[in-house]
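Below: the structure, in C-alpha coordinates.
The values are calculated or read from the model by the stated rules, or taken from the named source; none is laboratory data. What you see is a predicted model, and the numbers here were worked out from it, not measured in a lab. Cβ placement follows ideal geometry from the backbone for every residue including glycine, while neighbour counts extend to all protein chains displayed.
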Amino acid sequence: MSNLSSKEYANINSFISRMRSPVKVRKSPKRKDKKVEEKYIKIPLILTEQGFFICEIKINKIKGLFLLDTGSNATCIDFILKNKFKITTNEISDAVSVTNSIQVETSHNNEVCIGGFKLKNSKIDIIDLTNVKESIGDPQIKDISGILGNRILNSFNSVIKYKEKLLYIKK
(Lines give C-alpha, C1' and ligand atoms only; values in the text may rest on other atoms or scores of the structure.)
Protein backbone atom coordinates (compact mmCIF):
# COMPACT_ATOMS: atom_id res chain seq x y z
CA MET A 1 0.00 0.00 0.00
CA SER A 2 1.24 3.49 -0.75
CA ASN A 3 1.89 6.20 1.83
CA LEU A 4 0.19 8.89 -0.26
CA SER A 5 -2.67 10.88 1.14
CA SER A 6 -5.93 10.97 -0.80
CA LYS A 7 -5.18 14.57 -1.87
CA GLU A 8 -1.73 13.62 -3.20
CA TYR A 9 -3.23 10.62 -5.00
CA ALA A 10 -5.91 12.84 -6.59
CA ASN A 11 -3.22 15.33 -7.74
CA ILE A 12 -1.24 12.55 -9.38
CA ASN A 13 -4.31 11.19 -11.16
CA SER A 14 -5.23 14.68 -12.33
CA PHE A 15 -1.72 15.18 -13.69
CA ILE A 16 -1.79 11.83 -15.53
CA SER A 17 -5.16 12.57 -17.13
CA ARG A 18 -3.92 15.99 -18.33
CA MET A 19 -0.87 14.34 -19.86
CA ARG A 20 -3.07 11.87 -21.75
CA SER A 21 -5.35 14.51 -23.22
CA PRO A 22 -4.57 15.63 -26.79
CA VAL A 23 -2.70 18.87 -27.25
CA LYS A 24 -4.30 21.49 -29.46
CA VAL A 25 -1.79 23.27 -31.63
CA ARG A 26 -2.74 26.61 -33.06
CA LYS A 27 -0.97 27.85 -36.10
CA SER A 28 -0.36 31.54 -36.20
CA PRO A 29 -1.25 33.21 -39.47
CA LYS A 30 1.75 33.71 -41.73
CA ARG A 31 1.30 37.24 -42.81
CA LYS A 32 3.82 39.97 -43.14
CA ASP A 33 2.42 43.06 -41.57
CA LYS A 34 4.60 45.89 -42.85
CA LYS A 35 3.32 48.23 -40.17
CA VAL A 36 4.64 45.87 -37.49
CA GLU A 37 8.01 45.50 -39.23
CA GLU A 38 8.32 49.29 -39.50
CA LYS A 39 8.05 49.55 -35.70
CA TYR A 40 11.13 47.37 -35.12
CA ILE A 41 14.76 47.50 -36.12
CA LYS A 42 16.42 44.21 -37.08
CA ILE A 43 19.72 43.20 -35.52
CA PRO A 44 21.45 40.13 -36.99
CA LEU A 45 22.42 37.32 -34.65
CA ILE A 46 25.36 35.00 -35.21
CA LEU A 47 24.61 31.31 -34.57
CA THR A 48 27.64 29.45 -33.25
CA GLU A 49 28.54 25.80 -33.94
CA GLN A 50 27.15 24.82 -30.53
CA GLY A 51 23.83 26.62 -31.11
CA PHE A 52 24.42 29.82 -29.13
CA PHE A 53 23.48 33.26 -30.43
CA ILE A 54 25.93 36.16 -30.40
CA CYS A 55 25.15 39.79 -31.20
CA GLU A 56 27.17 42.96 -31.48
CA ILE A 57 26.41 45.72 -29.00
CA LYS A 58 28.19 48.77 -27.65
CA ILE A 59 28.86 49.41 -24.02
CA ASN A 60 30.16 52.88 -23.22
CA LYS A 61 30.57 53.43 -27.00
CA ILE A 62 32.89 50.39 -27.38
CA LYS A 63 31.80 47.53 -29.67
CA GLY A 64 31.85 43.95 -28.50
CA LEU A 65 30.36 40.56 -29.25
CA PHE A 66 28.00 39.33 -26.53
CA LEU A 67 26.49 35.92 -25.92
CA LEU A 68 22.71 36.24 -25.86
CA ASP A 69 21.51 34.54 -22.65
CA THR A 70 17.78 34.78 -22.06
CA GLY A 71 18.20 32.58 -18.98
CA SER A 72 20.36 35.15 -17.24
CA ASN A 73 19.02 38.35 -15.78
CA ALA A 74 22.44 40.00 -15.57
CA THR A 75 24.59 41.45 -18.32
CA CYS A 76 28.26 40.68 -17.73
CA ILE A 77 31.63 41.66 -19.14
CA ASP A 78 34.75 39.54 -18.87
CA PHE A 79 37.01 41.02 -16.20
CA ILE A 80 39.99 41.13 -18.58
CA LEU A 81 38.02 43.60 -20.77
CA LYS A 82 37.00 45.91 -17.94
CA ASN A 83 39.37 48.70 -19.03
CA LYS A 84 38.52 48.30 -22.73
CA PHE A 85 34.84 49.07 -22.01
CA LYS A 86 35.70 51.93 -19.60
CA ILE A 87 33.98 50.22 -16.68
CA THR A 88 34.22 51.76 -13.23
CA THR A 89 33.47 49.35 -10.39
CA ASN A 90 31.00 50.55 -7.77
CA GLU A 91 30.84 47.46 -5.55
CA ILE A 92 32.38 44.02 -5.13
CA SER A 93 30.57 40.93 -3.85
CA ASP A 94 30.78 37.15 -3.92
CA ALA A 95 28.29 35.02 -5.81
CA VAL A 96 27.84 31.33 -5.15
CA SER A 97 27.29 28.94 -8.04
CA VAL A 98 26.68 25.21 -8.01
CA THR A 99 30.39 24.40 -8.18
CA ASN A 100 32.15 27.34 -6.51
CA SER A 101 31.97 30.96 -5.49
CA ILE A 102 33.10 33.77 -7.76
CA GLN A 103 33.86 37.41 -7.23
CA VAL A 104 31.46 39.81 -8.95
CA GLU A 105 32.23 43.47 -9.49
CA THR A 106 29.23 45.67 -10.23
CA SER A 107 29.24 48.85 -12.26
CA HIS A 108 26.38 51.33 -12.61
CA ASN A 109 25.81 54.27 -14.99
CA ASN A 110 26.91 52.49 -18.16
CA GLU A 111 25.53 53.22 -21.61
CA VAL A 112 24.35 50.21 -23.62
CA CYS A 113 23.62 50.67 -27.32
CA ILE A 114 21.90 48.01 -29.43
CA GLY A 115 21.11 48.80 -33.04
CA GLY A 116 21.35 52.55 -32.48
CA PHE A 117 19.09 52.55 -29.40
CA LYS A 118 20.71 53.69 -26.17
CA LEU A 119 19.99 52.71 -22.61
CA LYS A 120 21.70 54.87 -20.01
CA ASN A 121 22.43 54.10 -16.35
CA SER A 122 22.71 50.35 -17.01
CA LYS A 123 24.05 47.92 -14.45
CA ILE A 124 26.88 45.69 -15.70
CA ASP A 125 28.54 42.88 -13.75
CA ILE A 126 32.21 42.11 -14.25
CA ILE A 127 33.14 38.44 -13.81
CA ASP A 128 35.77 35.97 -14.97
CA LEU A 129 34.30 34.28 -18.05
CA THR A 130 37.32 32.02 -18.69
CA ASN A 131 35.61 28.86 -17.39
CA VAL A 132 32.41 29.64 -19.34
CA LYS A 133 34.31 30.07 -22.60
CA GLU A 134 36.35 26.89 -22.06
CA SER A 135 33.45 24.69 -20.92
CA ILE A 136 31.30 25.55 -23.95
CA GLY A 137 34.12 24.50 -26.28
CA ASP A 138 32.97 26.64 -29.20
CA PRO A 139 35.74 28.59 -30.99
CA GLN A 140 33.39 31.54 -31.64
CA ILE A 141 32.61 31.85 -27.91
CA LYS A 142 36.27 32.57 -27.15
CA ASP A 143 35.86 35.93 -28.95
CA ILE A 144 32.94 37.17 -26.85
CA SER A 145 33.29 40.17 -24.59
CA GLY A 146 30.46 39.19 -22.27
CA ILE A 147 26.90 38.02 -21.80
CA LEU A 148 23.79 40.00 -22.71
CA GLY A 149 21.02 39.18 -20.22
CA ASN A 150 17.29 39.68 -19.95
CA ARG A 151 17.30 42.86 -17.86
CA ILE A 152 18.73 44.84 -20.75
CA LEU A 153 16.84 42.94 -23.47
CA ASN A 154 13.56 43.70 -21.68
CA SER A 155 14.51 47.36 -21.33
CA PHE A 156 14.71 47.59 -25.11
CA ASN A 157 11.34 45.84 -25.64
CA SER A 158 12.94 43.19 -27.84
CA VAL A 159 11.81 40.08 -29.67
CA ILE A 160 14.03 37.20 -30.77
CA LYS A 161 13.18 35.37 -33.98
CA TYR A 162 15.28 32.23 -33.65
CA LYS A 163 14.63 30.80 -37.13
CA GLU A 164 15.42 34.12 -38.78
CA LYS A 165 18.49 34.67 -36.55
CA LEU A 166 17.29 38.19 -35.79
CA LEU A 167 16.82 40.32 -32.73
CA TYR A 168 14.05 42.91 -33.13
CA ILE A 169 14.18 46.09 -31.04
CA LYS A 170 11.06 48.26 -30.89
CA LYS A 171 11.61 51.80 -32.17
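A few notes on this one:
- Residues of segment 139-162 that are touching a residue at least 40 places away in the same chain (Cβ under 8 Å) and within 14 Å of LEU65 (Cα to Cα): PRO139, GLN140, ILE141, ASP143, ILE144, SER145, GLY146, ILE147, LEU148, GLY149.
- Taking segment 144-171 as the range and being within 21 Å of ASP78 (Cβ to Cβ) and touching a Gly at 6+ places or on another chain (Cβ under 7 Å) as the test, the residues that pass are SER145, GLY146.
Quick grid of which residues meet (1) modelled with pLDDT under 90; (2) of a type in the set (Lys, Arg):
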position	(1), (2)
ILE62	no, no
LEU67	no, no
LEU81	no, no
LYS84	no, yes
ILE102	yes, no
ASN109	no, no
ILE124	no, no
LEU129	yes, no
ASP143	yes, no
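Okay, residues lined up against (1) more than 15 Å from ILE57 (Cα to Cα); (2) of a type in the set (D, E, K, R):
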| residue | (1), (2) |
| --- | --- |
| GLU91 | yes, yes |
| GLN140 | yes, no |
| PHE156 | no, no |
| LYS161 | yes, yes |
| ILE169 | no, no |
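- Only one of ILE54, ILE87 that is surrounded by 15 or more Cβ atoms within 10 Å (Cβ to Cβ) and either under 26 Å from LYS161 (Cα atoms) or among the charged types (D, E, K, R) (or both): ILE54
- The residues in segment 136-156 that are touching a helix residue (DSSP H, G or I) at 6+ places or on another chain (Cβ under 6 Å), buried (at least 20 other Cβ atoms within 10 Å of the Cβ) and assigned to a helix (DSSP H, G or I) can be counted, and the count is 1.
- Selection within segment 103-135 - in a loop (DSSP other than H, G, I, E, B) and within 15 Å of ILE77 (Cβ to Cβ): ASP128, LEU129
- Residue in segment 122-135 that is surrounded by the fewest Cβ atoms within 10 Å (Cβ to Cβ), counting only those that are farther than 17 Å from LYS58 by Cα and touching a helix residue (DSSP H, G or I) at 6+ places or on another chain (Cβ under 7 Å): ASP128
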